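Engineer: So that we are looking at the same thing, I have put the structure below in structure tokens.
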Amino acid sequence: MQIIHFPHPTLRYKSKPVKKVDAELRAMIGEMFDLMYQARGIGLAANQVGIPLRFFIMNLAGEKGEGEELVFINPTIGRTTGTDEAEEGCLSLPGVYGPVLRPAEILFSAYMLNGQKFEQKVDGMFARCVQHETDHLDGIMFTDRMDDESLYEIQPQVDQFELTFERLRSEGKLPTDEEIVKFQNELEAKYA
């Protein structure tokens, strides 16, 4: 398992709801936490590691053994209030940062790994991370939410990711679209 980089097609895929959690899925989640900490992130959506299922992990401390490890399954964002602009980055676009305007407070609900429902109003970094990761599950990148001027400033970096992806694909170092779809279909058949 590895964190996939833009423009990998799975990043644009709308994830399927999770219908069951088993030991294999729990093991994948554990591996995702390890990857997230190695990459110095605070959140990671399943499709960022090629898993086409609707869940993400989060630990605002960003360090193993610190903060709280959270797993949110089948998340939904309800009522939103206010606006807040802050710089965001993404583990699928490492080194790329830009300002993103988002609701300041959201009503968020999801299922936890133990099957209990989590539902509350959240704000600050918690709300921003939840919105960023939920966007991933809908195939939306943070760059899609940036204004044109800010996007123009980072476009050379984004273009470099596209060139690297095409080169790795041409060298056979990345799966083909057909191989990606086959893998997604196998996971969806098992969990969605």
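Engineer: Quick one: would you say Glu31 is of a type in the set (D, E, K, R), under 19 Å from Gly124 (Cβ atoms) and either surrounded by fewer than 18 Cβ atoms within 10 Å (Cβ to Cβ) or modelled with pLDDT of 95 or more (or both)?
Structural biologist: no
Engineer: Name every residue in region 28-60 that is more than 13 Å from Tyr191 (Cβ to Cβ) and among the aliphatic types (A, V, I, L, M), in order of residue number.
Structural biologist: Correct list: Met32, Leu35, Met36, Ala39, Ile42, Leu44, Ala45, Val49, Ile57, Met58, Leu60.
Engineer: Which of the residues spanning region 74-113 are out of contact with any Gly (no Cβ under 9 Å at 6 or more places or on another chain), aliphatic (A, V, I, L, M) and closer than 23 Å to Phe6 by Cα?
Structural biologist: Ala86, Leu93, Val100, Leu101
Engineer: Which residues, counting only those in region 170-186, are under 20 Å from Lys14 (Cβ atoms) and either among the polar types (S, T, N, Q) or touching a Lys or Arg at 6+ places or on another chain (Cβ under 7 Å) (or both)?
Structural biologist: Gln184, Asn185
Engineer: Looking at Ile51, is it crowded, with 22+ Cβ neighbours inside 10 Å, closer than 24 Å to Lys14 by Cα, modelled with pLDDT under 95 and of a type in the set (A, V, I, L, M)?
Structural biologist: Criteria met by Ile51.
Engineer: Return the pairs, sorted by first residue and then second, in which the second residue is among the aliphatic types (A, V, I, L, M) and in a helix (DSSP H, G or I), the first residue lies in region 134-161 and is within 19 Å of Pro103 (Cβ to Cβ), the beta carbons are less than 8 Å apart, and the residues are 6+ apart or on different chains.
Structural biologist: Pairs that qualify, where the first residue is within 19 Å of Pro103 (Cβ to Cβ) and the partner is among the aliphatic types (A, V, I, L, M) and in a helix (DSSP H, G or I), are His136/Leu11; Leu137/Ala46; Met141/Leu11; Thr143/Leu151; Thr143/Ile154; Thr143/Val158; Met146/Ile154.
Engineer: Restricting attention to region 64-79, which residues are surrounded by fewer than 16 Cβ atoms within 10 Å (Cβ to Cβ) and on the phi < 0 side of the Ramachandran plot? Walk me through it before giving the result.
Structural biologist: Taking region 64-79 as the starting set, the residues that turn out to be surrounded by fewer than 16 Cβ atoms within 10 Å (Cβ to Cβ) are 64-68, 76, 78-79.
Lys64, Glu66, Glu68, Thr76, Gly78, Arg79, listed by residue number.
Engineer: Just give me the residues in region 25-80 being among the basic types (Lys, Arg), farther than 15 Å from Glu133 by Cα and assigned to a loop (DSSP other than H, G, I, E, B), in sequence order.
Structural biologist: Correct list: Arg40, Lys64.
The values are calculated or read from the model by the stated rules, or taken from the named source; none is laboratory data. The shown structure was predicted, so the numbers you read here are calculated from the model rather than taken from an experiment. Neighbour counts are summed over all protein chains in view; Cβ atoms, including those assigned to glycine, are modelled from backbone coordinates with ideal geometry.
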